[in-house]
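Notes follow the structure.
The values are calculated or read from the model by the stated rules, or taken from the named source; none is laboratory data. Please read these numbers as outputs of a predicted model, since none were measured by experiment. All Cβ positions, even for glycine, are placed from backbone atoms using ideal geometry, and neighbour counts span all protein chains on display.
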Amino acid sequence: MKTSIALALSFALTAPVMAETTPLTFDVYYGDDNSFNVTSTVVAGENEVMVIDTGFSRADALQIAAKVLDSGKALKTIYISQADPDYYFGASQLLEIFPHANVLTTQAVRDAIVKKLKTKISFWSPKMGTNAPKHPRVPDVFKGTVLKVDDTVIEIKGTEGVLAHRPYLWIPSEKTILGNVGIVEGMHVWMADTQTEEEVAAWLDQLKEMQSLTPELVIPGHMKNAGKLDPSSIEYTATWIERFADAKAKSEDSKSVIDTMVGYYPKLGATFTLELGARVHEGETQW
């Protein structure tokens, strides 16, 4: 009886420790200006890794592959979080090195990729030359809302509504948000793809939802170099969007919007993203 009690106590004391998962690590790849400063992340557990987004060019993908190889762990899943080519063009290159990896995304993201794939290929291939994918890999549909690295849960959130094609990932155990085009750090925000008031409002609501999760680590979808990986990027993005919307409401043309935003952010440098967004929102350019 004493032995049974001792074993029971031993199990009770050790079981919670045994149930704990190994903390994940995040190795972020930062694309350069030619790749729109897009980020990709190698999420590593004890035995396996997952790649979140694959970069724009073949060169991007090769550098991401190097991170996977350096980890010494198995790559089982490549998850594509967004429908823009800088998030998925590198998938075919990664599959040449890791042919057994699954390439997954949500239904809405896949639909958006397929809808514009031919246009994106015809536009970008001549510009990228040999750095373009020969045959971009369209990801398969993942029907669930929970991915895993080893036993650690990664939740897919934001899969409904007008921005269903722009979900994000939340890792509760790590208090981490990643895999979302809607968070930007240290750059002008890309507004050309969200042209209606409904879409802009949904974007701001999504950012508020992210803040309500009280994350500790936030990996923006686009950022200059190795910047801050904390919740301040969510606030930065929301404030930028609100200022843009206010400038648009008070302006009669894109130049006025651009001048106002440059006044707010005089040190951001390149303004192409801002200029295109302003022209699109003022009806001066079709996108």
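Taking only segment 230-251 into account, find how many residues are surrounded by fewer than 20 Cβ atoms within 10 Å (Cβ to Cβ) and closer than 23 Å to Val43 by Cβ. Total meeting the criteria: 3.
Please specify each residue of segment 158-173 satisfying the condition of being under 15 Å from Leu104 (Cα atoms) and either surrounded by fewer than 21 Cβ atoms within 10 Å (Cβ to Cβ) or out of contact with any Gly (no Cβ under 9 Å at 6 or more places or on another chain) (or both). Correct list: Thr159, His165.
Among the residues making up segment 224-249, those that are among the small types (Gly, Ala, Ser) and in a helix (DSSP H, G or I) are Ser232, Ser233, Ala238, Ala245, Ala247, Ala249. For segment 188-223, the set of residues classified as part of a loop (DSSP other than H, G, I, E, B), buried (at least 20 other Cβ atoms within 10 Å of the Cβ) and not polar (S, T, N, Q) consists of His188, Val189, Met191, Pro215, Ile219, Pro220, Gly221, listed by residue number.
Before we move on, is Thr130 at pLDDT 95 or above, over 16 Å from the mean Cα position of the chain (by Cα) and not in a loop (DSSP other than H, G, I, E, B)? Spelling it out, Thr130 is indeed at pLDDT 95 or above, over 16 Å from the mean Cα position of the chain (by Cα) and not in a loop (DSSP other than H, G, I, E, B). Within segment 142-160, residues that are small (Gly, Ala, Ser) reach partners that are outside any strand (DSSP E or B) with beta carbons closer than 7 Å, at six or more positions or on different chains, in the pairs Gly158/Arg166; Gly158/Pro167; Gly158/Gln206. Within segment 250-287, how many residues are among the β-branched types (Val, Ile, Thr), under 25 Å from the mean Cα position of the chain (by Cα) and part of a helix (DSSP H, G or I)? Residues meeting the conditions: 2.
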